[in-house]
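To start, the structure under review is shown below, and the notes come after it.
The values are calculated or read from the model by the stated rules, or taken from the named source; none is laboratory data. Just so we're clear, the structure is a prediction, and the values are computed from it rather than from any experiment. For neighbour counting, all protein chains shown are included, and Cβ atoms are generated from backbone atoms with ideal geometry for every residue, glycine included.
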Amino acid sequence: MERRRTTRREPSADEPLSRVRFRAGRDVAVVNVSNTGLLVEGVARLLPGTHVDVHVVTKDGRVLVRSRVTRAYVSALDADAIRYRGALAFDRVVDTSAIGYAIPDALIAVAEPGIDYPMLATRTIADLEERLSA
């Protein structure tokens, strides 16, 4: 049984929402996102029950959203760093739909490869003066 309030999606690597920044300045990678929260991963230690402010890039621009850390755990141990994952629940609903313009499949199927610009003829000063006097 699905207990989530909203559906989640994985942001693409080139999407601005693939990374978010805490108000304190640390960047973290977004594992998945919904309109009510994020699952993030990074070297920033997160403590369950604490509140953090997160800069989220949406269609309306960058928004500062107050969030609560609902769970956190160590996701990887490297020789030089500890990586954490944490679930952040937004205090309000935020539109986190993908940013960009979707191209309908019908247009992609009909699209033809582009053509090069024609070579521009080299014009002399005399040609330009003749056109201006006409």
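Summary table
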quantity: Residue tally, condition under 22 Å from the mean Cα position of the chain (by Cα) and over 11 Å from LEU38 (Cβ atoms), over the range 62-100; calculated: 15
quantity: Check on ARG92, in a loop (DSSP other than H, G, I, E, B) and surrounded by fewer than 14 Cβ atoms within 10 Å (Cβ to Cβ); calculated: yes
quantity: Complete set of residues in the range 36-55 that are surrounded by 15 or more Cβ atoms within 10 Å (Cβ to Cβ), of a type outside the set (D, E, K, R), modelled with pLDDT of 90 or more and out of contact with any Gly (no Cβ under 7 Å at 6 or more places or on another chain); calculated: THR36, GLY37, LEU38, LEU39, GLY42, VAL52, VAL54, HIS55
quantity: Strands (runs of 3 or more DSSP E) completely within the range 1-89 that count 2 or more residues being free of Cβ contacts under 8 Å to residues at least 40 places away in the same chain; calculated: 19-22, 27-34, 51-58, 61-77
